[in-house]
1. Using Cα pairs under 8 angstrom and six or more residues apart, how large is the relative contact order of region 204-347, in percent?
2. Return a whole-number percent for the relative contact order of the chain, with Cα pairs under 8 Å and 6 or more residues apart as the contact set.
3. Pairs of alpha-carbon atoms within less than 8 angstrom and 6+ residues apart define the contacts here; what relative contact order does region 35-104 have, in percent?
4. Return the subset of Lys316/Lys397; Lys122/Lys144; Lys168/Lys409; Lys107/Lys144; Lys49/Lys107 for which the Cα-Cα distance in this structure is over 20 Å, preserving the input order.
5. Positive end of the dipole of the chain, charges at C-beta (+1 Lys, Arg; -1 Asp, Glu), about the Cα centre: which of Phe270, Val85, Ser364 has its Cα farthest in that direction?
6. Sorting Arg423, Arg180, Arg402 by accessible area (1.4 Å probe), largest first, what list results?
7. Taking a 1.4 Å probe, which of Glu292, Glu435 shows the most accessible area, and what order do the others take after it?
8. Which one of Ile135, His121, Ile39 is farthest out on the positive end of the charge dipole of region 26-192, using unit charges on Cβ (Lys, Arg +1; Asp, Glu -1) and the Cα centre as origin?
Amino acid sequence: MLIHPEEILQTIQMVTTENLDIRTVTMGINLRDCSHPDIDELNANIYEKITTYAKDLVEVTDEISRLYGVPIVNKRISVTPVSIVAEASKCDDFVSIAQTMDKAASKVGVDFIGGFSALVHKGITPGDLKLINSIPQALATTEKVCSSVNVATTHAGINMDAVALMGKIIKKTASLTAERDGIGCAKLVVFANAPEDNPFMAGAFHGVGEPDCAINVGVSGPGVVNAAVRALKNPTLNEIAETIKKTAFKITRMGEKVGREVSSRLNAQFGVLDLSLAPTPAVGDSVAAILEAMGLERCGTHGTTAALAMLNDAVKKGGSMASSSVGGLSGAFIPVSEDAGMIRAVQEGSLSLEKLEAMTSVCSVGLDMIAVPGDTSESTISAIIADEMAIGIINSKTTAVRLIPAPGKQVGDEVEFGGLLGRAPVMAVNPFSSEKFISRGGKIPAPIQALNN
């Protein structure tokens, strides 16, 4: 890959003044060969494989970060969905597996490990049920483990029994981590159309179609895009889109270089480059700030969905020209707690839960890191999940929900998680009941695909 000296100078500027970073290098590890009926043997196999494959991940990633002068914020691991790996184990729950994963992650020094997961979009097996029922205790007794459950796909529809169950699981997870504002829920995401190669937490898992070991990279760069758009002098929307494309191209080239170098040094297959714009609580490193740079007074006002659609499309067009390995989510993250501009928009009354839901129809991540009152009912949480899953299956796209019913908190209060997880103002939910709808159970059938014109 030929790099021009001018590009090097531009990259230095992006790093030093515009918050450019590689958000994560994630190693995906296949654990299917670790299966064993005895839970102690299973745990031993899991610990051995993770600590063997990932023993040099942090050291090598840090070397590459110093070599190219670009911060690599997180080093992570994703594994085969545990409900698959542990299905044959004769035990009552899978909490010990989560604790083993946490121990292995600490041993190799990574920030998070994902894959305490289940895929239940068409039905729930006994192993899936054990996994899901283990989630609250697993997330309450570990620090680095992340969990995900896929409850819907475009081809299968929405498993409403699983949706109803996840409302209960989210509430219980919040309760068991109440002393930390329900932080367990920040490590739990419910998906429609979950990708098997997503490097971002909490939804990362190593899919069954993946190789034994792969390196997936998640780039970032909202601050860079924001700076590029704000530097334009009274531009048209066409000119803004073109600038975003060119900027995304530069960001993606750096991510591609990092990913291939890490893969080569670790003798692992290079998987995908995820183009998602991932904000941080830092001022200016915000997707909301980009939308406001386009001309919106405040994120959430009318026109926000159109602006986000253009941003998301331009990032994908530019990124796809820079890499032939684009995958994962590749959208714009709009997490309320992790984006200073989103937080301000909520606090000033510009951004509501309903508007966020509309915005998710044009980006790939969904309702992310949203705090709601702690007394929000299980059925309301399930109904919010169902709405988001419907957006995903009808539009044949990935969507997700990471919702935090903050124990003891009401609208207007804040929860504080620190670090990249940030802080979140508690948002209002619709006061009317969805209980009867959720309690009906069953499935919402898959949408018809033949008459989509």
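The values are calculated or read from the model by the stated rules, or taken from the named source; none is laboratory data. Keep in mind that what you see is a predicted model, and the values were worked out from it rather than measured. Ideal geometry is used to build each Cβ from the backbone, glycine not excepted, and the neighbour counts take in all protein chains shown. Accessible surface is based on the protein model in full, side chains and every heavy atom, while ligands, DNA and RNA are left aside. Shrake-Rupley method; radii C 1.70, N 1.55, O 1.52, S 1.80 Å.
1. The value is 33 percent.
2. Across the chain, relative contact order equals 17 percent.
3. Numbers: 41 pairs, mean separation 40.3, N = 70.
Answer for region 35-104 is 58 percent.
4. Over 20 Å apart, Cα to Cα: Lys122/Lys144.
5. Toward the positive end, the furthest listed residue is Ser364.
6. My answer, sorted largest first, is Arg180, Arg423, Arg402.
7. Output order, biggest surface exposure first: Glu435, Glu292.
8. Selected residue: His121.
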